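First the structure, in the form of structure tokens, and then the observations on it.
The values are calculated or read from the model by the stated rules, or taken from the named source; none is laboratory data. Remember, it's a predicted structure, so these values are computed and weren't measured experimentally. Don't worry about glycine lacking a Cβ; one is built from the backbone with ideal geometry, like all the others, and counts go over all protein chains shown.
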Amino acid sequence: MVNLRNWFAEGVATYCLVFFGPLAVILAAAAFGTGLSIEGIIMISLAHGGAIGLMVYAFGHISGAHINPAVTIPMIITKKISPADGAGYIALQLIGGIAAAFTLWVTLPELGSAVNFGTQAPGDLINGSPISALGLEIIFTFFLVTTIFLTAVHKKAAAGIHGISIGGMVFLLHLVGVPLTGASMNPARTLGPAIVSGFWEFHWVYWIGPIIGGIIAGLIMNYLFVKQAEKEA
């Protein structure tokens, strides 16, 4: 049986991420320039980590606060959520992300267009290589989903740490990932800005990489650690 309220929660939480995350990219570019700067990277990392961490605390007890198709897909595969609910989650995640991007397009059209509204692309540090970006996005998402399974799904995880743990991992991944791939780890985070900016080059990287990384992490963490804890409970 599907739960429409949970779907709505996923839409709202993803809207928050895709509004405040790219907004931080836009404001960082306005304040510090479009080149890489320590101040800009920290600002962007804090915004993404804060948005995710706070939404996990706000909606984690309602929908699980996946906020990411690359999280929901492993949850479906490991039977933590039904395929019907999972499809609804993904649909609302994408809709929430698109709505947030259009909000930025309406409110900050000129500033946003200067940075493609936060759409990611392989960076100069990896010579603009989509293959390198793909590999990094797989690794980044692996550790994001690992953190989610072992703090929010694992039965023996310490109570109350999941929001700060997941938000902290998102902060870390952006801190190192922004200069390399733009740090997506989330197709819903990339899709909305791509639509409003019209920047589709390398878009496939930010679907394939996160989904592969998420599935690998979900399968390993579920069958090595989560299921064992469920048996012992």
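When A24, A84, A13 are checked against the criterion of being out of contact with any helix residue (DSSP H, G or I) (no Cβ under 8 Å at 6 or more places or on another chain) and in a helix (DSSP H, G or I), a single residue qualifies: A84.
Every listed requirement among (1) in contact (Cβ under 8 Å) with a residue 12 or more places away in the chain; (2) assigned to a helix (DSSP H, G or I); (3) in contact with a helix residue (DSSP H, G or I) (Cβ under 7 Å, 6 or more places away or on another chain) is met by E39 save one, (1). Summed over region 206-233, the residues that are closer than 13 Å to N186 by Cα and in contact (Cβ under 8 Å) with a residue 24 or more places away in the chain give a count of 9. Assess whether T119 counts as being buried (at least 24 other Cβ atoms within 10 Å of the Cβ) and farther than 17 Å from H66 by Cα. Considered against the rule, which asks whether it is buried (at least 24 other Cβ atoms within 10 Å of the Cβ) and farther than 17 Å from H66 by Cα, T119 comes out as yes. Answer with yes or no whether A31 is closer than 20 Å to V178 by Cα, among the small types (G, A, S), in contact with an Asp or Glu (Cβ under 9 Å, 6 or more places away or on another chain) and part of a helix (DSSP H, G or I). Yes; evaluated as a whole, the condition is true for this residue.
Name the residues in region 27-58 that are farther than 22 Å from A70 by Cα and either crowded, with 22+ Cβ neighbours inside 10 Å or among the small types (G, A, S) (or both), would you? So that I can check it myself, show each step before the final result.
We begin by selecting, within region 27-58, every residue farther than 22 Å from A70 by Cα; these are 27-43.
Within region 27-58, A28, A29, A30, A31, G33, G35, S37, G40 qualify.
The combined condition, being of a type outside the set (S, T, N, Q), surrounded by fewer than 22 Cβ atoms within 10 Å (Cβ to Cβ) and modelled with pLDDT of 95 or more, is fulfilled by I131. Only one entry in A194, A158, A183, A188 is of a type in the set (G, A, S) and under 17 Å from A217 (Cβ atoms), namely A183. Select the helices (runs of 4 or more DSSP H) contained entirely in region 173-233, then report the ones holding at least 2 residues which are modelled with pLDDT of 95 or more. Once the helices (runs of 4 or more DSSP H) in region 173-233 are filtered for at least 2 residues that are modelled with pLDDT of 95 or more, what remains is 187-197, 205-221. Here is the figure for region 197-206: residues that are crowded, with 24+ Cβ neighbours inside 10 Å and either within 19 Å of A114 (Cβ to Cβ) or of a type outside the set (A, V, I, L, M, F, W, C) (or both) total 1.
Any residue at all in region 62-80 that's farther than 24 Å from G213 by Cα and either basic (K, R) or modelled with pLDDT of 95 or more (or both)? Looking through region 62-80, at least one residue is farther than 24 Å from G213 by Cα and either basic (K, R) or modelled with pLDDT of 95 or more (or both).
Summed over region 87-131, the residues that are assigned to a loop (DSSP other than H, G, I, E, B), polar (S, T, N, Q) and without any contact (Cβ under 8 Å) to a residue 40 or more places away in the chain give a count of 2. Scanning region 143-161 for residues that are within 14 Å of the chain's Cα centre (by Cα) and surrounded by fewer than 22 Cβ atoms within 10 Å (Cβ to Cβ) yields F143, T146, T147.
Looking at region 89-97, can you tell me whether even one residue there is under 23 Å from L172 (Cα atoms) and out of contact with any strand residue (DSSP E or B) (no Cβ under 7 Å at 6 or more places or on another chain)? Within region 89-97, one or more residues are under 23 Å from L172 (Cα atoms) and out of contact with any strand residue (DSSP E or B) (no Cβ under 7 Å at 6 or more places or on another chain).
Just one of the numbered conditions (1) in a helix (DSSP H, G or I); (2) without any contact (Cβ under 8 Å) to a residue 40 or more places away in the chain; (3) out of contact with any Ser or Thr (no Cβ under 6 Å at 6 or more places or on another chain) is not true of I148: (2).
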